[in-house]
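Worksheet: the structure to be examined is printed underneath.
Read-outs throughout are calculated quantities, based only on the coordinates presented, and are distinct from any laboratory measurement. All of these numbers come straight from a predicted model, not from anything done at the bench. Note: ideal-geometry Cβ built from the backbone for every residue, glycine included; neighbour counts use all protein chains shown.
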Amino acid sequence: MRLMITICITMFAVLLSAQVEPPQTHAAIMLDAKFYHGDRANDGNYDFSNRFQVRKAEISFEGELERFEYAAALGMCTCSGNAAMVDIQEAEIMYNLLDCAKIGIRKGHVLRGFASTTECQGLLASEKPNHSMTFGTCHPIGVALETYHELSHNMALETELGFFNGGNSTLDNEHEVNLGVIFQTPLPGLSAMGVYNHANRKYFDPSFNQYSENGYRWAAGLEYVANSLWIASEFHRGKGFERDDQEMEAWYAQAGYDIGTGLKCLPTIQPYVYFENWNKDVANDANYKFLEAGVNFKTSANSMLRFAYKSMIEKPAGAVADPDQILARIQVAL
């Protein structure tokens, strides 16, 4: 019996070794130094306390098996909570239906906009827009159908249709149905984006037993990344947040420019500016405005040192302002 088991295991191992190539492995780490000043700085709130921290550290792999594609990322990331903890950040198994379409189960980024689909280390600004987590879960899990069509005159159309868990990671009277489209225009580097999302979610009230059954999110934007320029802007609007009739809208604009240095150790310096306006309650005109200015020192294609100054420059009357922040970050990806 043991001999038969040994033979079966050996044959299975040989079969796998003949058909499965080793997956590609990647590693990434980001370390932060954060310093705050203002009325709420260092008042015992972790979010506004001076500190060093591990912003993100993960190991990821990806590979193919026949018509399947698989990927996973294991590590820690502060976007999942104040204190980083090891977790499966992303995972997917996708089946290639056609050369231009694939379907599967995924935990990861959703096509809700340009910033939402960009990995944290690939952003121009230091973080994703302040409104991102409110408008949608960062890494939901569900079923996704993706297509990519190359068109004439250097154009292309990318789509993603997904059915995902709700804001509390359940399907208990919760869900998100998201359709996102990115159109690569004939002008090289210029893309247009459109998104519609239907969201059923639980309210965040003490009893936690009410629901928003007709919540929605929609977005549109433009992005230009070419000729050393990075310019992007998105507008988002939605309904059904902390209460069913609550409407929010937000937009941001950012611009950065790559300056070549001719130095092998520091080939590019990228100054940038980022502005965001977030109206958290359209009916009551609850506008919050944020400004960020910084410089990214790119030491290689996947590594850089960031310096940024971030400030809430406007808030509604009676609201409490977030303290200003100075951020220094080093990030390395292999």
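Database remark: amide H of Gly104 closer than 5 angstrom to the amide H of Tyr95, Ala144 (H placed geometrically; neighbours at sequence offset of 5 or more, or on other chains; Pro and chain starts carry no H). Computed over the chain with a Gaussian network model linking Cα atoms closer than 10 Å, the most mobile of Gln24, Gln89, Gln53 is Gln24. When only Cα pairs below 8 angstrom with a gap of at least 6 residues are kept, the chain shows a relative contact order of 12 percent. The HN-Hα couplings worked out from phi for segment 71-76 by the Karplus form 6.51 cos²θ - 1.76 cosθ + 1.60 (θ = phi - 60°) are 7, 7, 9, 10, x, 10 Hz, whole numbers, x standing for Gly and Pro. Using θ = phi - 60° in the Karplus curve 6.51 cos²θ - 1.76 cosθ + 1.60, the 3J(HN,Hα) couplings for segment 168-173 round to 9, 6, 9, 10, 7, 6 Hz; x is entered for Gly and Pro. Using Cα atoms only, what is the angle between the long axis of helix 2-19 and the major principal axis of the chain, expressed in degrees (0 to 90) to the nearest 10? So the helix axis and the longest Cα principal axis differ by about 60 degrees.
Length gained on full extension, Leu31 to Leu65: 8.8 nm, using 0.36 nm per residue less the C-alpha separation. Distance between the 7 Å Cα→Cβ label points at Tyr309 and Asn50: 1.8 nm. Comparing Asp43, Asp285, Asp258 in a Gaussian network model of the chain where C-alpha atoms under 10 Å apart are linked, the largest mean-square fluctuation is found at Asp43. For the chain, the mean residue ellipticity at 222 nm estimated from helices alone is -2000 deg cm²/dmol, where every DSSP H run of n ≥ 4 contributes -39500 (n - 2.57) and the total is divided by all residues, rounded to the nearest 500. Cα-Cα over 24 Å: which of Lys128/Lys315; Lys34/Lys107; Lys128/Lys310? Violating the 24 Å Cα-Cα cut-off are Lys34/Lys107.
Counting only other residues whose beta carbon sits under 13 Å from that of Leu229, what net charge do I get with K and R as +1, D and E as -1? Provide the component values of the computation, followed by the final result.
On the way: positive: none; negative: Glu223, Asp258.
Once all neighbours under 13 Å are counted, the net charge is -2.
Rounded to two decimals, the Cα-based Rg/Rh of segment 283-334, with Kirkwood Rh, is 1.20.
Over segment 117-186, the pair-distance histogram of Cα-Cα distances with 5 Å bins from zero comes to 4, 14, 17, 18, 20, 16, 8, 3, 1, 0 percent, rounded to whole numbers.
DSSP loop trypsin sites (Lys or Arg not before Pro) in segment 238-334 with at most 10 other Cβ atoms within 10 Å of their Cβ, which ones? Mind showing how you got there, number by number?
Working: sites: Lys239, Arg243, Lys264, Lys280, Lys289, Lys298, Arg306, Lys310, Arg329; in loops: Arg243, Lys264, Lys280.
Counting only loop positions with at most 10 other Cβ atoms within 10 Å, the trypsin sites (Lys or Arg not before Pro) in segment 238-334 are Lys264.
Each residue of segment 123-129 was assigned a 3J(HN,Hα) from its phi angle through the Karplus expression (A = 6.51, B = -1.76, C = 1.60, θ = phi - 60°), giving 6, 6, 6, 5, 9, 6, x Hz with x at Gly and Pro.
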